[in-house]
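What follows is a single structure, written as structure tokens, with notes after it.
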Amino acid sequence: MNYHSTRGKDRGISFDNVLLTGLARDGGLFLPEQWPTFSKADLITLIGLPYHQLAIRVMEPFLNGTICESDFIDIVTETYAEFDHIAVAPLKQLGNNDWLLELFHGPTLSFKDYALQLLGRLFDYFLIKRCQRVTIVGATSGDTGSASIEACKNRTSINVIIIHPKGRISEVQRRQMTTVIASNIHNIALDGTFDDCQDIVKAMLNDQMFREQLHLSVVNSINWTRIMAQIVYYFAAGLALGAPHVPISFAVPTGNFGNVYAAFVARRMGLPISQLIVGSNSNDILTRFFETGKMSINAVIPTLSPSMDIQISSNFERYLFYLFNEDGKRVLDFMMKFRQERQFEVSEITKTTISNLFQGYRLSDKETIEIMYKLYQETGELIDPHSAIGVAAGRRANRCSKITPMIALATAHAAKFPDVVEVATGVRPILPKRLNDLFNLHEQYEVLPNDLEIVKDYVKQVSEVKI
Ligand SMILES: *Cc1c(COP(=O)(O)O)cnc(C)c1O
């Protein structure tokens, strides 16, 4: 199976090229040309498998022979052996049919590790085979940066440069990036906002000559391989709670629509998912869309859940491709129009299709704090503000069956956001053992002004360093 673009021009692209290029040349996102499916009998054979074996079975159909089976088995096994819970993505019961899927057992304590740990290894595997090196540049508002750094440190084929807005991320988040001392890891603290960081990364990537000379690449959330790795934990949770014999539902705190899109793919592959509940903070573009069928862009508002402070959910284009019966030309026209008019509206029929599966709920910061407190009172669990939004959305949902399990995704560990958790519950969460010495380690980073040329000079200088 090969890949095609949501905007219709690129097709027949192999898995390794999809992995290494990220974005299609026509500006679209890559998706498989056919979807692998698991029948009920197939799903039954997956019940009870250890996480890494399930991961191999679920992801293998997407590789189309670009990587030999025994290498892939080794890579996946090694990836999830790094996680500090034997179940990798364990479930915790919060209420009668109310569950929490803990996705913070990777090295940097957010769900992004589940995909990026695999991505780093796959990048290295294909680059070494091709005798190539890349320089990955990325802007981060917190979790993506540390997950990328941890996934790529000491890999000989990859140089990593991560730009964060100086003084605007939590100390835990900063230290998770700046205390990784490796010759291929470079942190920039930019005197500016997250948007400034993102603009600089975009400007570097849009400079074709600079991009080619330095072999620049990105591992952002539009990379198909990240979605592919995230599909696995939906299968793991569903099978653990009775699928395929009974349906399950998920509640997902959402920013870029990447994580919840992976749930949609799992459903397409045969997992009986009944409802998908999307939780947002005050940056509620998706919730408004699910309510009204209209999507329009507002300014970004900073909230207590910064990893969801996003105005455009870039992965939504993949779902749009499905809604438009995989007509790339229609998606292209639509996206062009959206870019010009900054809004769009779907037809009544499409709206019904969407609302049969999706519902959206928004939480203010105050409501986020309230649910964190309430959950702590009820169960003794400390959850981070992003996960809290998922739990609250799942509880508010208009459920089509009371007996269908509602599984909320815990996307980060409470100790990543200790100040908010302490305000909400009175308890300061402690870091897991593996991060015990985070506050004693030496930090290394470069403070740079918000100036494209100065950042480019720095990137040039560090990417010419031979490892
Ligand atoms: C990135 C992130 C999200 C949002 O995920 P999307 O795939 O962008 O929807 C939610 N919670 C946490 C903790 C994150 O790091």
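The values are calculated or read from the model by the stated rules, or taken from the named source; none is laboratory data. From a predicted model like this one, the values you see are computed outputs, not experimental measurements. Please note: Cβ atoms are built from the backbone with ideal geometry, for glycine as well, and neighbour counts cover all protein chains shown. Accessible surface is based on the protein model in full, side chains and every heavy atom, while ligands, DNA and RNA are left aside. Shrake-Rupley method; radii C 1.70, N 1.55, O 1.52, S 1.80 Å.
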For K166, list the aspartates and glutamates whose Cα falls under 16 Å from its own Cα; do not include residues on the same chain fewer than 8 positions away.
D143, D191, D195, D196, D199, E443, E446, D451
Can you give me the % of accessible surface on the chain that is carbon or sulfur? Probe 1.4 Å, all protein chains present, nothing else counted.
50 percent
Can you list the equivalent-ellipsoid semi-axes of region 1-54, largest first and in whole Å, using the square root of 5 times each Cα gyration tensor eigenvalue?
30, 13, 8
How big, in percent, is the set of alpha carbon pairs in region 268-321 lying more than 16 Å apart?
51 percent
I403 to S70: FRET efficiency via 1/(1 + (r/R0)^6), r the Cβ-Cβ distance, R0 30 Å, to the nearest 0.05?
0.10
Sorted by packing (mean other beta-carbon atoms within 10 Å per residue), highest first, where do 9-19, 271-281 land?
271-281, 9-19
Using a Förster radius of 51 Å, what is the FRET efficiency between K460 and T45 based on their Cβ-Cβ separation? Nearest 0.05, please.
0.45
Using each residue's phi in region 227-235, evaluate 6.51 cos²θ - 1.76 cosθ + 1.60 at θ = phi - 60° and report the 3J(HN,Hα) Karplus result to the nearest Hz, with x for Gly and Pro.
4, 3, 6, 6, 4, 4, 6, 5, 4
Kirkwood Rh and Cα-based Rg: tell me the resulting Rg over Rh for region 33-106, rounded to two decimals.
1.03
When the convex hull of the Cα atoms of region 200-259 is projected onto a plane and the area is averaged over all directions, what value comes out in nm²?
5.5 nm²
Within the chain, percent of DSSP bridges classed antiparallel, to nearest 5
25 percent
What whole-number value in Å² describes the accessible area per residue of the chain for a 1.4 Å probe?
40 Å²
Mind giving me the nanometre distance, one decimal, between the label points for F210 and N298, set 7 Å out from Cα along Cα→Cβ?
3.4 nm
Length added when fully stretched, R342-R130, from 0.36 nm per residue minus Cα-Cα:
72.2 nm
From the alpha carbon gyration tensor of region 281-432, can you work out the equivalent ellipsoid semi-axes (sqrt of 5 times each eigenvalue) and give them in Å, largest to smallest?
33, 18, 12
So what's the convex hull volume per residue for the Cα atoms of region 1-151, in Å³?
158 Å³
How large is Rg/Rh for region 111-235, to two decimals, with Cα atoms and a Kirkwood Rh?
0.96
What span do the alpha-carbon atoms of region 424-467 cover on each of the three principal axes, reported in whole Å from largest to smallest?
46, 28, 13
According to the Cα gyration tensor, what semi-axes, each the square root of 5 times an eigenvalue, does the equivalent ellipsoid of region 237-332 have, listed from largest to smallest in whole Å?
25, 19, 10
Euclidean distance of C-alpha centroids, region 273-327 and region 369-431, integer Å:
21 Å
For region 148-158, Karplus-derived ³J(HN,Hα) couplings (6.51, -1.76, 1.60; θ = phi - 60°; whole Hz; x for glycine and proline) come out as 5, 4, 5, 6, 10, 4, 6, 8, 5, 8, 10
Can you pull the three principal axis extents for the Cα set of the chain, in Å, largest first?
59, 53, 49
Over region 386-459, consider all pairs of different Cα atoms and compute the Kirkwood hydrodynamic radius from their mean reciprocal separation; express it in Å, one decimal.
16.7 Å
Could you tell me the extents of region 94-184's C-alpha atoms along the three principal axes, largest first, rounded to whole Å?
54, 33, 18
